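Asks: My structure is below; once you've seen it, I'll send some questions.
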Amino acid sequence: MNMVLPAWIEIDLAALRHNVGQLRDRVGGDVEIMAVVKSDGFGCGAAITAAEVMAAGADSVAVGNPEDARAIRGAGIKAPILLYASTLPGAAAEVAALDVTATVHDMESLAAFAALNQPLDVQFKIEAGLGRLGVSPDDWRAAFEAVRSSNNLNLTGLYTHLNAPDDPDSIKRQIAQFEASYGMAQSLGFSDLRRMVASSNVVLGYPELNYDAVNAGRLLFHMLDGKWAQMIQTRPVIAAVKSSIIQVKDFPAGARVGFLGGEELVEPTCLAVLPIGFGDGFKHRPPLGEVLVRGRRAAIVGRRGIEHTVVDVSGAADARVGDEVVLLGAQGNEEITGTEVGAWLDLPLMEILPRLARTLPRVYLGQS
Ligand SMILES: *Cc1c(COP(=O)(O)O)cnc(C)c1O
């Protein structure tokens, strides 16, 4: 990679398509896959990831930010888009202009959409225990009646987001509440509403809750942690974070080096500098972990700078300016996994990886 400033991230779109295939194998052909590409495609780009998941057999996409929906439509992608609740009632017209299925999450959002002069598909987000957004049980009846008496709204489905996949009893309670809303809708004459409750962990842990559609995000981007990551064979979409050495220098024992916080070097040490820092999404304070130089592990030393990382290459005495350095990914026979980076930085994958992808220049591999 020949960049003026050598620091970049590699995004493997073939892996993203593979992961959609894994999810399809899991849920079968009759369940809609609504692929979540929120937060700018988990940092990988909303439009390009939407195109790739659709090419791989997803049926629709979901985003939480109207700008992501705009980017997807701007790229000419015709896929159905569900927009999660994220906007003020006063922005109802702008939301409707995005050509999305909008989310009704309370009576106010419902009233704002119902006051528009244009037809609009909506889904109700049902409050079932997450305690964030969603139509509350006290409002269900009024909401169903209001949508039925509106001139422009077409209610296509109900969905919710389950918040405790580690706790089957809690899942059971939340599903009972969700089912109660569906039962009320049916009793009021809504006969063909689609139901969706399964985010990534739920797809993996509770296959009986696939309903009409599943709503998985992190699974497709290989951003699950712990036991959940073991439950399906996905591949990393953020395949690598790389930089190159811009300086190599030997320091004698006893040297005091600024970026070590004024610490004294105990041994003669060869330090290499990379032009990538916490401003690119990494962390400042140790522990910071390791990188790969010439196929070997090298420890990051001191505190990381906003634009620089310093590594101890004493064990790779042949390290040179221009050597490609891997901060995440494989080099030679060594590999630094996302899980390892997350553990060093004490951050879940869904937090650290999108942050890196959003900040660094993105190089796409395997575009379909
Ligand atoms: C993020 C989100 C999902 C997907 O969750 P993952 O854990 O990434 O699969 C599903 N539904 C809603 C409402 C969400 O905000």
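Asks: Rank by packing, highest mean first: peptides 214-226, 52-64, with packing defined as the count of other Cβ atoms within 10 Å averaged across residues.
Replies: 214-226, 52-64
Asks: Another one. What shape does the range 1-116 take by its C-alpha gyration tensor, where a ≥ b ≥ c are the square roots of the eigenvalues and a/c under 1.5 counts as rounded, a/b above b/c as prolate, and the rest as oblate?
Replies: oblate
Asks: Which pairs, out of Lys249/Lys283; Lys242/Lys283; Lys38/Lys78, put more than 19 Å between their alpha-carbon atoms?
Replies: Violating the 19 Å Cα-Cα cut-off are Lys249/Lys283.
Asks: Another question, then. Could you compute the net charge surrounding Ala146? Neighbours are other residues with a C-beta less than 13 Å from the C-beta of Ala146; K and R count +1, D and E count -1.
Replies: Residues close to Ala146 contribute a combined charge of -2.
Asks: Any idea what the dipole of the range 69-181 comes to, in debye rounded to 20, about its Cα centre with Lys/Arg Cβ at +1 and Asp/Glu Cβ at -1?
Replies: 360 debye
Asks: Could you check the simple spin-label distance between Glu179 and Ala317, using points 7 Å along Cα→Cβ, in nm with one decimal?
Replies: Distance between label points: 7.0 nm.
Asks: If you don't mind, another one. Give me the number: length gained by fully extending Ala299 to Asp59, i.e. 0.36 nm times residue separation minus the C-alpha to C-alpha distance, one decimal in nm.
Replies: Answer, rounded to one decimal: 82.0 nm.
Asks: Taking the 0 to 90 degree range and rounding to the nearest ten, how far is the long axis of helix 13-27 tilted relative to the main principal axis of the chain, both from C-alpha atoms?
Replies: 40 degrees
Asks: Also, quick follow-up: Only counting other Cβ atoms within 10 Å, I'd like Ser191, Ser243, Ser199 sorted with the fewest neighbours first.
Replies: The fewest-first ordering by Cβ neighbours comes to Ser191, Ser199, Ser243.
Asks: Among bridges DSSP assigns within the chain, what percent are antiparallel (round to 5)?
Replies: Restricted to the chain, the bridges split so that about 50 percent are antiparallel.
Asks: While we're on this one: So how much slack lies between Glu267 and Glu340, counting 0.36 nm per residue of separation and subtracting their Cα-Cα distance, in nm?
Replies: Length gained between Glu267 and Glu340: 23.5 nm.
Asks: Also, quick follow-up: Note down the nm distance, to one decimal, between modelled labels 7 Å out along Cα→Cβ at Asp169 and at Asp212.
Replies: Taking the two extended label points, one gets 3.3 nm.
Asks: Which residue, chosen from Gly302, Ala114, Asn151, occupies the Cα position most advanced towards the positive end of the dipole of the chain, where the dipole is computed from +1 (Lys, Arg) and -1 (Asp, Glu) charges on Cβ about the Cα centre?
Replies: The Cα lying farthest towards the positive end belongs to Gly302.
Asks: Please name whichever of Leu23, Thr101, Cys44 sits farthest to the positive end of the charge dipole of the chain, dipole taken about the Cα centre and charges placed at Cβ: Lys and Arg +1, Asp and Glu -1.
Replies: The one lying farthest along the dipole's positive direction is Cys44.
Asks: In nm, to one decimal, how far is the modelled label at Ala115 from the one at Lys227, with both set 7 Å along Cα→Cβ?
Replies: Rounded to a tenth, the inter-label distance reads 4.9 nm.
Asks: Can you return the aspartates and glutamates within cross-link range of Lys172? Criterion is Cα-Cα under 15 Å, with same-chain partners fewer than 8 residues away left out.
Replies: By straight Cα distance, Lys172 reaches Glu127, Glu208.
Asks: Further question: Taking amide H positions as placed 1.01 Å from N in the peptide plane, with prolines and chain starts having none, which residues 5 or more places from Ala216, or on another chain, fall under 5 Å of its amide H?
Replies: Here the answer is Met34, Val36, since their amide H atoms fall under 5 Å of that of Ala216.
Asks: Shifting gears a bit: Pick from Val257, Val37, Val273: which is most flexible by mean-square fluctuation in a GNM of the chain where alpha carbon atoms under 10 Å apart are linked?
Replies: Per the Cα network of the chain with a 10 Å cutoff, Val257 tops the list.
Asks: Step by step: find N for the chain, compute 2.2 N^0.38 Å, then divide the Cα radius of gyration by it. What's the final number?
Replies: My calculation over the Cα atoms of the chain gives 1.16.
A short reminder: the numbers here are calculations on the coordinates, not readings from a lab. Fair warning: this is a prediction, and the values are worked out from it, not measured in the lab. Neighbour counts are summed over all protein chains in view; Cβ atoms, including those assigned to glycine, are modelled from backbone coordinates with ideal geometry.
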